[in-house]
2 protein chains.
Amino acid sequence: MPLLGSFRHSSRVFRTTMRPLTLDALNPQLQEVQYAVRGELAIKAELYRDQLKSGSHDLGFDKVISSNIGNPQQKGLDQPPITFTRQIAALSEWPELAQLAPGVFPSDVVARAKELYHEIGSIGAYSHSQGVPFIRKNVAKFISDRDGFPSDPDDIFLTAGASAGVSLLINMLITDPSAGILIPIPQYPLYTAALAQHHGRAIPYLLDESSGWSTSVASIAEGLAKARAEGTSPKALVIINPGNPTGALLTRDTMADLVKLCEEHSLVLLADEVYQNNLHRAAQYPFTSFKKVVRELQSPVPLVSFHSISKGVSGECGRRGGYFELTNVSAEVRALVYKLVSVGLCPPLAGQIGVDSMVRPPKEGEPSYDMWKKETDTIHAALASRTRLMAERLNALPGVSCVESPGALYLFPKINIPEKAVKAARDAGKEPDAFYALALLDATGICVVPGSGFGQKEGEWHYRLTCLCPGVEEYVGKLEKFHVDFTEKWG
Amino acid sequence: MPLLGSFRHSSRVFRTTMRPLTLDALNPQLQEVQYAVRGELAIKAELYRDQLKSGSHDLGFDKVISSNIGNPQQKGLDQPPITFTRQIAALSEWPELAQLAPGVFPSDVVARAKELYHEIGSIGAYSHSQGVPFIRKNVAKFISDRDGFPSDPDDIFLTAGASAGVSLLINMLITDPSAGILIPIPQYPLYTAALAQHHGRAIPYLLDESSGWSTSVASIAEGLAKARAEGTSPKALVIINPGNPTGALLTRDTMADLVKLCEEHSLVLLADEVYQNNLHRAAQYPFTSFKKVVRELQSPVPLVSFHSISKGVSGECGRRGGYFELTNVSAEVRALVYKLVSVGLCPPLAGQIGVDSMVRPPKEGEPSYDMWKKETDTIHAALASRTRLMAERLNALPGVSCVESPGALYLFPKINIPEKAVKAARDAGKEPDAFYALALLDATGICVVPGSGFGQKEGEWHYRLTCLCPGVEEYVGKLEKFHVDFTEKWG
């Protein structure tokens, strides 16, 4: 270490004119990426959380509620994990536990963990890049049981959550910078972020708030025509069902129309179905998969459908698990997908076994069934009742209207923002709904995402919040009081 | 379901001329991606494994040995996981276990798991996109203890293995299609794969086999000059230390020269240091980090250094965990990195707690220390002795020469391939070393990666194999017999 004596950390002398790495040296396209769900608001919320943790009493609240993201198990929301899932995961981490702690694990869990170990071996090894073959078989069975149509394990790709799969597919479909993908407005901003990252164009189509955020073929056709007129080549149609941020569910008829539209316009259908198990009024608003509709119609439309363990009742976001299924896709394309995912080696094994637990829950009569049933029923019921209560209370506020979501984890209320507040926001260089959301965070510690992060009709303002907070009365009370105060201050 | 009666799955009638999705509809750049580590050989090995599993006796071997990838815990290699790591992981999955199975977990493990739970909450929640702050603090302490220079937790990004980080950085550094990155030949093919995916150019520089695969500044300068003459703008220099596939270690003097070269040519230094804990002859070939050298030289060179839990003695590939550290990088760039990783939400929590166990192993005197020491010593010793024995035996074969790697998990022997075999390979449209490796797989069930997958000097042939197989005598015996038979057949 000949130089060790000569340092000065606090005032490093640079011998050359070389500067630290700055933005101008980097891919300019990436600076276009926007992801409001973890953007300015979420970063500020983290700072408030740190401030509270360090003992500060300077804020007008004593906790931060992160309603910006569907993250059920996070601190403060604390939705408990499904015991069955975690028991299998614990045994997969340390298989000897079954012997070391006899009687602690139910017998079906012990048998399941043993079966998985037999198939996978250590979860510390890379698996097949497409995911453990045995788990893909179980996913295919789940899909064929759900839809009544066969599913091939070779068409299933396990992923690190749905996002990883969506990003990959967008990368594949953007053939050149004039290529575009139809995305709903409002949308989950992963889509525009991935499009920006991969040099593609977003082709927006509007959802209709006045009819419960319904999707109309006419609106998509309009988006298509406009895109073509602007020199954009449409490659694919993104549908989020149940919707995010809207929580809307498509009818079977609309789905059939959308499939036909994809046929007419040679579009790949990207079906984001991660909320398929979050249904608050399933009798009136059931879930039907696009795979089923495509097969029923005997349609040749290429379909990629995404699912995840992060949502539903499992809420296992941190495991990073999910899958996509390819339908009407050639063997060569499947081989290309395989090659691309193989560069990343494999999806996390903890996520893969999480997928297995999701697609193979305990059956009636098995030792773990009763607890599993009770836990999942409780989560479903709490989410449904909170969603209803929050929608009712928000709708009762002057200047707020809110479609009561029949699915997913969110509400997306429309808010009236007084003109003076709009002006103050513009003066501060902010979108008016971001201005509103920042004021909400400052006043209450509740972090939501402004509607401008998802896209909305010109001149309208919304925000998205999750329906995951356990103390819903206190929570909605804070939202109400803030809205009244804000309207008064700026009205 | 009005159409349910009318299906014929086996002979679907397409009403339109729309075809299943085919390659011509996709991003052509992605078809350039090559990743030999999980390529043709590995796919064929999987088929053989399936065939054996289904009871076939038609093959000339009774097991497949996957020596194509550094995957220590895979079936057949079965390097045991570190107990300490897995006990913490099991308790993180199901925290109640500490009470339900009293006395099963050592007290330091229970305390550690409790501390992690206090900091993280449920591992089923998304964490901070950059990784759990507490774990980043521990990583920073590990780095500063290792190097004797401070490390800032805000400069640490936890990742899903090193690959995810490398791919992101390459995406950021490729500003336009004329941008290039210097990569060693031979290289780990992640680099060329990521460059192909992100439309960048590889600028090769040759490592010198005759001096133990050393890296020379002259060779890099030559690569730079050639690239500039061809209109390529060099952006960064990739160094893999210890080397992959070579296992070579850089001297402190060479490292200093490389840092100076980056200064002169305004290059970002990408230091792949994932094998820093795989040192077989550490007294003669110690590891020094580039962070340390950059700080000792008080250099302004922007440095990104990558580490992983997949290698070292932990071999926890399936968890997908790792980190990178940014040095001499502006706050704006750090914010951009944060934004990009936030789109993928967060690295897997199982990988993050794996990183924590790697950077905070048990200390002498703690209950878990003795077992941890014994387990890790055993793994280090086995790897070192296997590497030596395999290198000796391969070097004793006619037409084979092999640098005895002082680090990493691999050997990269040079093989002489008889002219007739070269011709037969060319006739079959294959690289001669791929032809050799396929014949090896067919004859023995041993899967290696041809040197052409990593790059090599024109007219030379190699293959990479891991030194992970437990029954090393039998394993190396098969390699020897095959080589003799092959040489005889084609000589």
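Under 5 Å between amide H atoms, partner at least 5 residues away or on a different chain: which partners does A:R281 have, H built in plane at 1.01 Å?
none
Which residue, A:M371, A:V422, A:I123, has the largest displacement toward the positive end of the dipole of chain A when charges sit on each Cβ (Lys, Arg +1; Asp, Glu -1)?
A:I123
Report the Cα centroid-to-centroid distance between the range B:241-266 and the range B:463-481 in angstrom, as an integer.
30 Å
Restricting things to alpha carbons, tell me how big the range B:126-359 is in terms of Rg and Dmax, in Å.
Considering the range B:126-359 through its Cα atoms, Rg and Dmax are 16.7, 49 Å.
Measuring from a point 7 Å past the Cα of B:Q284 along Cα-to-C-beta, which residues in the range B:392-428 have an amide N at less than 16 Å?
B:392-393, B:395, B:402-408
When the chain is fully extended, how far beyond the present Cα-Cα distance does A:E480 get from A:S178, taking 0.36 nm per residue of separation?
Using 0.36 nm per residue and subtracting the Cα-Cα distance, I get 104.2 nm.
Determine ³J(HN,Hα), in whole Hz, for all residues of the range B:461-467 in sequence, where each value follows from phi through the Karplus function 6.51 cos²θ - 1.76 cosθ + 1.60 and θ = phi - 60°; x replaces Gly and Pro.
Coupling constants for the range B:461-467: 9, 9, 9, 9, 9, 7, 9 Hz.
Amide H of A:I203 versus every other amide H placed in the peptide plane: which residues, excluding those fewer than 5 positions away on the same chain, fall under 5 Å?
Excluding prolines and chain starts, which carry no amide H, the hits are A:I181, A:L182, A:I183.
Can you find, among A:W490, B:G318, B:S219, the residue farthest towards the positive end of the dipole of the protein assembly as shown? Put +1 on the C-beta of Lys and Arg, -1 on that of Asp and Glu.
Going by the Cα projections, it comes out as B:S219.
What length, rounded to one decimal in nm, is gained on full extension from B:S401 through to B:H265, with 0.36 nm per residue of separation minus their alpha-carbon distance?
The B:S401-B:H265 span can extend by a further 45.4 nm.
Please list log₁₀ I(q)/I(0) at q = 0.10, 0.14 Å⁻¹ for the range A:322-469, using the Debye equation with identical point scatterers on the alpha-carbon positions.
For the requested q values the scattering log ratios are -0.63, -0.91.
Work out from phi, with θ = phi - 60° and the Karplus expression 6.51 cos²θ - 1.76 cosθ + 1.60, the ³J(HN,Hα) of each residue of the range B:276-286, listed in order in whole Hz, and give x for Gly and Pro.
Along the range B:276-286, the couplings run 4, 9, 9, 10, 8, 9, 5, 5, 7, 10, x Hz.
State whether chain A is rounded, prolate or oblate according to the following rule on the C-alpha gyration tensor (a ≥ b ≥ c being the square roots of its eigenvalues): a/c under 1.5 gives rounded; otherwise a/b larger than b/c gives prolate, and the remaining case gives oblate.
Because its axes are fairly even, with a/c under 1.5, chain A counts as rounded.
Count charges around B:M371 for me, please; just the other residues with Cβ under 15 Å from its Cβ, Lys/Arg as +1, Asp/Glu as -1.
Around B:M371, the charge tally is -2.
How many angstrom lie between the C-alpha centres of the range A:274-339 and the range B:104-129?
Measuring centre to centre over Cα atoms gives 32 Å.
Which distances, in nm and shortest first, link the B:K457 label point to the same label point in every other copy, taking 7 Å along Cα→Cβ?
Shortest to longest, the spacings are 7.2 nm.
May I ask what percent, to the nearest 5, of DSSP beta bridges between residues of the protein assembly as shown are antiparallel?
Of the beta bridges lying entirely in the protein assembly as shown, close to 45 percent run antiparallel.
Considering only C-alpha atoms, what is the centroid distance from the range A:156-179 to the range B:340-400, in Å?
Using only Cα atoms, the two centres lie 33 Å from each other.
If r is the Cβ-Cβ distance from B:K63 to A:D50 and R0 is 60 Å, what FRET efficiency results, to the nearest 0.05?
Result of the calculation: an efficiency of 0.70.
Per residue Cα convex hull volume for the protein assembly as shown, in cubic angstrom?
Measuring per residue, one finds 183 Å³ for the Cα hull of the protein assembly as shown.
In nm, one decimal, shortest first: how far is the label point of B:I185 (7 Å from Cα along Cα to beta carbon) from the matching points in the other copies?
5.0
Rounded to the nearest 0.05, what FRET efficiency do B:D427 and A:K141 give with R0 = 60 Å and r taken as the Cβ-Cβ distance? Could you check?
It comes out at approximately 0.85.
Give the lysines reachable from B:K423 as a straight Cα distance under 17 Å; neighbours fewer than 8 places away on the same chain don't count.
Within the straight-line limit of under 17 Å, B:K423 reaches these lysines: B:K489.
Determine, from the Cβ-Cβ distance of A:E419 and A:Q31 and an R0 of 41 Å, the FRET efficiency 1/(1 + (r/R0)^6), rounded to the nearest 0.05.
Using R0 = 41 Å, I get an efficiency of 0.80.
May I ask you to report, in nm to one decimal and beginning with the shortest, the distances from A:H118 to the same position in the other copies, taking label points 7 Å along Cα-to-Cβ?
Result for A:H118, in nm, nearest copy first: 4.3.
Kindly provide the helix-only [θ] at 222 nm of chain B, computed as the sum of -39,500 (n - 2.57) over DSSP H runs of four or more divided by all residues, to the nearest 500 deg cm²/dmol?
Helix-only estimate at 222 nm: -13000 deg cm²/dmol.
Calculate the dipole size of chain A relative to its Cα centre from +1 charges on Lys and Arg beta carbons and -1 charges on Asp and Glu beta carbons; express the result in debye to the nearest 20.
It works out to roughly 940 debye.
What list of ³J(HN,Hα) values in whole Hz, one per residue of the range A:63-78 in order, does the Karplus curve 6.51 cos²θ - 1.76 cosθ + 1.60 (θ = phi - 60°) give from phi, with Gly and Pro shown as x?
8, 9, 10, 8, 8, 7, 8, x, 10, x, 8, 5, 3, x, 9, 6
Going down the list A:K339/B:K260; A:K137/A:K373; A:K235/A:K291, which pairs span over 29 Å between their C-alpha atoms?
A:K339/B:K260
Just check the range B:60-206 against the gyration tensor rule for me: Cα atoms, a ≥ b ≥ c as the square roots of the eigenvalues, rounded for a/c under 1.5, and otherwise prolate or oblate depending on whether a/b exceeds b/c.
oblate
Using 0.36 nm times the number of residues separating B:A229 and B:K457, minus their current alpha carbon distance, what extension gain do you get?
Here the segment from B:A229 to B:K457 would lengthen by 80.0 nm.
To the nearest whole number, what is the average tally of beta carbon atoms from other chains within 10 Å of the beta carbons of peptide A:350-362?
2
Can you tell me which aspartates and glutamates have their Cα less than 14 Å from the Cα of B:K53? Leave out same-chain residues fewer than eight positions away.
Correct list for B:K53: A:E119, B:D62.
Only the coordinates and a few stated rules stand behind these numbers; no lab work does. Predicted model only: the values in this text are computed from it and were never measured. Glycine also receives a Cβ, built like all others from the backbone with ideal geometry; neighbour counts cover every protein chain displayed.
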